[in-house]
1. Whether any residue in segment 129-150 is closer than 24 Å to P35 by Cα and surrounded by 14 or more Cβ atoms within 10 Å (Cβ to Cβ) is what I want to check.
2. Filter segment 53-99 for residues that are part of a strand (DSSP E or B), in contact with a helix residue (DSSP H, G or I) (Cβ under 7 Å, 6 or more places away or on another chain) and either open to solvent by 50 Å² or more (accessible area, probe 1.4 Å) or farther than 21 Å from V29 by Cβ (or both) and give the result.
Amino acid sequence: MSTTVGGAFDRLLWNGLQPGDYSLSESDVGAKLSPEGQEAVLLFQLDDPHDELRHQEPDGTSICDGMFFYRRKLRAQPWLLFFELKRGSDFNKAVAQLTSGILLTAKNLHSRCVPARIHAVVVSGIESPPDQQVLQKHFRADLSKHKIRASLGFVTCPLRGVADLREELLSRVRAVS
């Protein structure tokens, strides 16, 4: 059943949620975040074929590949971990896709999802970009225009591999705690 009514997050729940899946692969690289203990992890596929966040957006609107909803324990404030999977080195495009995904998700976001608890990751099949501090600065500046504070990281993934994003996310969780 597909639905086009409701807000972006409602459409994500109906059509983008990947129940029981904790990894997504594309372009010979992948990302995973599996729950441990009392953690809750939900994977939402944001890009093709679901396109739920681009509903009613102009043609050509780019978006990142996915988002993990992560909560350490019951009633804890959740984290949203956005990720873009890149085989190559088009890091500027990857950061733009992450920014777009965050902005589209942030529309009508529930107040329990604190904007400071948003992290984005470029998962790349090659080494991290040499200018990653510049990319991080532009990323933060673009989102701060919309009163969103988010962090950006880079994770290298061997081709045909799947990068575990647990340590990347937990480094952000510890920094905020």
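1. So the first thing to find is which residues in segment 129-150 are closer than 24 Å to P35 by Cα, and the list is 150.
Filter once more, keeping what is surrounded by 14 or more Cβ atoms within 10 Å (Cβ to Cβ): 150.
Checking segment 129-150: at least one residue is closer than 24 Å to P35 by Cα and surrounded by 14 or more Cβ atoms within 10 Å (Cβ to Cβ).
2. W79
Yes/no matrix, rows are residues, columns are (1) touching a helix residue (DSSP H, G or I) at 6+ places or on another chain (Cβ under 6 Å); (2) open to solvent by 40 Å² or more (accessible area, probe 1.4 Å); (3) modelled with pLDDT of 75 or more; (4) assigned to a helix (DSSP H, G or I):
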| site | (1), (2), (3), (4) |
| --- | --- |
| N15 | yes, no, no, yes |
| D21 | no, yes, yes, no |
| A31 | no, no, yes, no |
| G37 | no, yes, yes, no |
| V41 | no, no, yes, no |
| F44 | yes, no, yes, no |
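The values are calculated or read from the model by the stated rules, or taken from the named source; none is laboratory data. The model shown is predicted, which means the values in this text are computed figures rather than measured ones. When we count neighbours, we look across all protein chains shown, and the Cβ atoms used for this are built from the backbone with ideal geometry, even at glycine. Surface areas here come from the heavy atoms of the whole protein model, side chains and all, with no ligands, DNA or RNA. Shrake-Rupley method; radii C 1.70, N 1.55, O 1.52, S 1.80 Å.
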